[in-house]
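The values are calculated or read from the model by the stated rules, or taken from the named source; none is laboratory data. Everything numeric here is computed off the predicted structure, so don't read it as measured data. FYI the Cβ positions are ideal-geometry reconstructions off the backbone, even for glycines, and counts take in every protein chain you see.
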Amino acid sequence: MYASLADLARIGGGADGGVTRVAWSPELFDAYAWAGERMRTMGLEVEIDSAGNLLGRWSAGPVGSSAVVVGSHLDTVPSGGRFDGALGVVAAIHAVRVLKEEGFEPDRPLWIVAFMDEEGTRFNAALFGSRAFTGESLTGLGDRMGTDGVSLREAMAAAGYELDRAGEACRVGRVGAYLELHIEQGPVLESEGVEIGVVTSIVGLRGYRVRLTGEANHAGTTPMGLRRDALAGAARIALELREAARARAETTANVGRIAVEPGGANVVPGLADFTIDVRATTVEGLGELEHLVVESVARIAAEEGLGPDVQQTFALDPLELDPALVSAVERAAAEEGASAMRLPSGAGHDAMIVGRHVPAAMLFVPSHRGISHSPEEYSSPEHVELGMRVLARVLRSTLRTDG
Ligand SMILES: [Zn+2]
């Protein structure tokens, strides 16, 4: 497993130790060739679908029986780590190899998948492949420009794909279950000393852009009681959301970007333009946060004499993973002798798209210091191997169940 991950990391590997395989790039397709060759050697039927998803299919069971899909993604952020996404695909290949070597005969088909553009850093079109796989129309994203001045439509064409045909990749109707092994990308498992994370839910999030308008004025002559300080209002909102998130379970709030105008050391800020990102693992929790954002911005703006403008820029609902599959992962971990705990995922994954259509489960292995999207990303050989073995056990049980 570890040698495979090191081998794969050479494709798109940089001098800083990071890996760069952005969506639709030659490096990503080189990684597809690497994984495709390994799947073909095991007797799988390999193809890249019209949305750029790599699939390796092991046909089995009666005609029409639903497939168990296992995988993740092979694309990375610029100078990302070697485990994010890659682990799930490499582990799926190794788990299937284990099953093949022991002569296991599935009762239903098994598909290994690497979804196109999970990360979304190039075109802000995250989860592109899984969205196409589940029937979401993506033609509206064609004009999204990458940082290199190439549009999504053009990048696809350069790789030999047509955006208007991405819809043909919709095959979720033939799928009965989805499994994904991933690194945690957070510090919880390591700090708890636990080997396997059994993911129960994937957070939903709401993104906002807020503009508070006050009055720019002289910093020395304007009395404190008469100021309409837009930055002070924004700061109060950020702190209030922080306290609210701290007081709740499995909830986060973040103000990640702020700009003030006119921006002089001796000028009261007349405008604050900032972002809010709130996340929760349940629909109710997210609804509460939505209300909180709108209410606190309105109230604090009124108290500070500011004009508020709130726009929602992003919305993704939380997903509770399938209870039966979650229990199957937990059982598999116990049978493998691994310590395990249930936890939510604070990051988005392809499972949150596929899991809205079919039963889905995820498992995590620990990330050293919780670092991800960085050359410093690290998971130990022992944890990586254990994750693969637990995954193989879950596959044995799900492939025996008639879908
Ligand atoms: Zn990932």
Taking into account only those residues within the stretch 224-268 that are of a type in the set (Val, Ile, Thr) and not in a loop (DSSP other than H, G, I, E, B), which is surrounded by the most Cβ atoms within 10 Å (Cβ to Cβ)? Ile237
Taking Thr41 and the conditions (1) polar (S, T, N, Q); (2) without any contact (Cβ under 8 Å) to a residue 24 or more places away in the chain; (3) crowded, with 24+ Cβ neighbours inside 10 Å, which numbered condition does it fall short on, given that it satisfies the others? (3)
Look through Ala360, Ala332 and report the one residue that is among the hydrophobic types (A, V, I, L, M, F, W, C), surrounded by 14 or more Cβ atoms within 10 Å (Cβ to Cβ), more than 16 Å from the ligand (Cβ to nearest atom) and not assigned by TED's automatic domain parsing to the domain that holds Ala244. Ala332
Looking only at the stretch 86-112, which residues are over 16 Å from Glu180 (Cα atoms) and touching a helix residue (DSSP H, G or I) at 6+ places or on another chain (Cβ under 6 Å)? Val98
Are any residues in the stretch 12-51 part of a loop (DSSP other than H, G, I, E, B) and among the acidic types (Asp, Glu), and if so, which ones? Asp16, Asp49
Considering only the stretch 152-173, I want to know if a residue exists there that is without any contact (Cβ under 8 Å) to a residue 40 or more places away in the chain, under 25 Å from Pro78 (Cα atoms), surrounded by fewer than 19 Cβ atoms within 10 Å (Cβ to Cβ) and touching an Asp or Glu at 6+ places or on another chain (Cβ under 8 Å). yes
Checked pairs for the stretch 351-372, first of a type in the set (Val, Ile, Thr), second part of a helix (DSSP H, G or I), C-beta under 6 Å and 6 or more apart or across chains, list as Ile353/Ser130; Ile353/Arg131; Val354/Ser130; Val365/His383; Val365/Gly387
Ser327: in the same structural domain as His94 (by TED's automatic domain parsing), farther than 25 Å from Arg242 by Cα and surrounded by fewer than 15 Cβ atoms within 10 Å (Cβ to Cβ), yes or no? yes
Taking the stretch 70-85 and keeping only residues that are within 10 Å of the ligand (Cβ to nearest atom) and within 11 Å of Glu180 (Cα to Cα), one is left with Ser72, His73, Gly85
